[in-house]
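Engineer: Quick one: the structure is below, questions incoming.
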Amino acid sequence: INIHYRTPIYKEVIKLDFVVYKIGERGLNNSSDNIQINQLFLCTPEIWRSVNTETSAAYQGTYSDIVSRILAETGSTKEFDPEQSVGIVQYVAPMINAFKAIKFCAGRANSRTLSPMFFWETAHGFHLKSLKELYRSEFNKFLYIEDRAVSGVDRDANKVFNTCYSFEYLESNNRLEQYIDNAFGAENFSIDYTNKRIIKVRNSYDDVFHKHDIKLNKFPLNDPAKDIRVKDGFIPFRTDQSHLGAFNRLSTIALMDNIKMIVSIPGDSQLKAGDVVWLEIPAKVGTNIGSEEITSGKWLVRSIKHLINKTTYTMICEITKDSFDRDLTT
């Protein structure tokens, strides 16, 4: 199935190909007994080919290069926009589908700033980037939270189009749960070879990332992150620097969940997951006393749900931020 759609104010048409992998409920149109409605479940051709084939091959290079090669082997012609990862590695895909292999590699990839990387797909192609790189980019869109009935000199057409229909703050971090999950550091054992003794140390993330307590440069490299992310245990050192990823990725995801919001906005086919938006939050809705200074600012678009019918186009966006727009200590 080929789907075309666009935002009326844009000339670019989004064209997407899908494979029907399941047919859901069937029913009759309420307005006519002669029209049957089918519910279709769709996936991209790359996912369809991936789950029906298995990859068994050896790869060498950076994780970003390996992901690029595996994507090419799926026959994908979509654009791939990666950030270069660090560390030359050898990876063997043991008879698994392509996207499972990609998920494994992306879960161990680190950027040049040792920031964990994430792999995702949008209508514009595939992406492999770190949060630091995403937040460093310029924001793609202004969004406003205010009463849509407000009028005045500041009420221009652009502001009308970019004003949220509705918004809702989602449940934020549970600090006790984060401590239990080890999101703020770890206790690890280091070996003192000279005096032949084991030392238990409470480490901050800086300690964990810069001190290699025990070196295990051997295969396999497929131990799950949960085995590294234990409260007490050895921290293996690997040439691909994936030993940093388990702790760093956990803390990064915890920061992503720091402040989350669901916003309903007019459809914009140019906006995609991974984009940065600037959200203006008023100090008080319906007044003209300025923006709220702490949470207004850059937000990362984490996911988008497109709601399209014959007359309307609306998007439900989950947005998140890992820090505030100004220093709260001042």
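Engineer: Which strands (runs of 3 or more DSSP E) sit wholly inside the range 99-211 and have at least 2 residues that are at pLDDT below 80, open to solvent by less than 80 Å² (accessible area, probe 1.4 Å) and among the hydrophobic types (A, V, I, L, M, F, W, C)?
Structural biologist: The strands (runs of 3 or more DSSP E) meeting that bar are 186-192, 197-203.
Engineer: Oh, and also: How many residues, within the range 89-98, are open to solvent by less than 10 Å² (accessible area, probe 1.4 Å) and outside any strand (DSSP E or B)?
Structural biologist: Number of matching residues: 1.
Engineer: To continue, here is another question. Would you pick out the residues in the range 74-88 that are in contact (Cβ under 8 Å) with a residue 12 or more places away in the chain, open to solvent by 40 Å² or more (accessible area, probe 1.4 Å) and not charged (D, E, K, R)?
Structural biologist: Result: G75, F80, P82, Q84, I88.
Engineer: If you don't mind, another one. Among the residues of the range 269-297, count how many are part of a loop (DSSP other than H, G, I, E, B) and either modelled with pLDDT under 90 or hydroxyl-bearing (S, T, Y) (or both).
Structural biologist: Filtering the range 269-297 down to residues part of a loop (DSSP other than H, G, I, E, B) leaves 269-275, 281, 283-290, 292-296.
From what's left, either modelled with pLDDT under 90 or hydroxyl-bearing (S, T, Y) (or both): 269-270, 281, 283-290, 292-296.
Within the range 269-297, residues that are part of a loop (DSSP other than H, G, I, E, B) and either modelled with pLDDT under 90 or hydroxyl-bearing (S, T, Y) (or both) number 16.
Engineer: For the range 60-73, what are the residues that are open to solvent by 60 Å² or more (accessible area, probe 1.4 Å) and under 20 Å from E121 (Cα atoms)?
Structural biologist: Result: D65, R69, A72, E73.
Engineer: Cβ-Cβ distance below 8 Å, separation of 6 or more or different chains: which pairs start in the range 1-29 with a residue that is among the polar types (S, T, N, Q) and end on one that is loosely packed, with under 11 Cβ neighbours inside 10 Å and not in a loop (DSSP other than H, G, I, E, B)?
Structural biologist: What qualifies is N29/Q36; N29/I37.
Engineer: Shifting gears a bit: Report yes if E54 is among the acidic types (D, E), within 14 Å of F126 (Cβ to Cβ) and either in contact (Cβ under 8 Å) with a residue 24 or more places away in the chain or open to solvent by less than 60 Å² (accessible area, probe 1.4 Å) (or both), otherwise no.
Structural biologist: No; evaluated as a whole, the condition is false for this residue.
Engineer: Next question, about the same structure. If you check T252, T320, which single one turns out to be at pLDDT 90 or above, under 14 Å from the mean Cα position of the chain (by Cα), open to solvent by less than 50 Å² (accessible area, probe 1.4 Å) and among the β-branched types (V, I, T)?
Structural biologist: Result: T320 is the single residue among T252, T320 that is at pLDDT 90 or above, under 14 Å from the mean Cα position of the chain (by Cα), open to solvent by less than 50 Å² (accessible area, probe 1.4 Å) and among the β-branched types (V, I, T).
Engineer: Does the range 4-40 hold any residues that are closer than 22 Å to K272 by Cβ, open to solvent by 60 Å² or more (accessible area, probe 1.4 Å) and part of a strand (DSSP E or B), and which are they?
Structural biologist: If the condition is that a residue be closer than 22 Å to K272 by Cβ, open to solvent by 60 Å² or more (accessible area, probe 1.4 Å) and part of a strand (DSSP E or B), then H4, K15, D17 are the ones that fit.
The values are calculated or read from the model by the stated rules, or taken from the named source; none is laboratory data. What you see is a predicted model, and the numbers here were worked out from it, not measured in a lab. Glycine gets a Cβ as well: all are built from the backbone with ideal geometry, and neighbour counts include every protein chain shown. Calculation scope for accessible area: heavy atoms of the full protein, side chains included, ligands and nucleic acids excluded. Shrake-Rupley method; radii C 1.70, N 1.55, O 1.52, S 1.80 Å.
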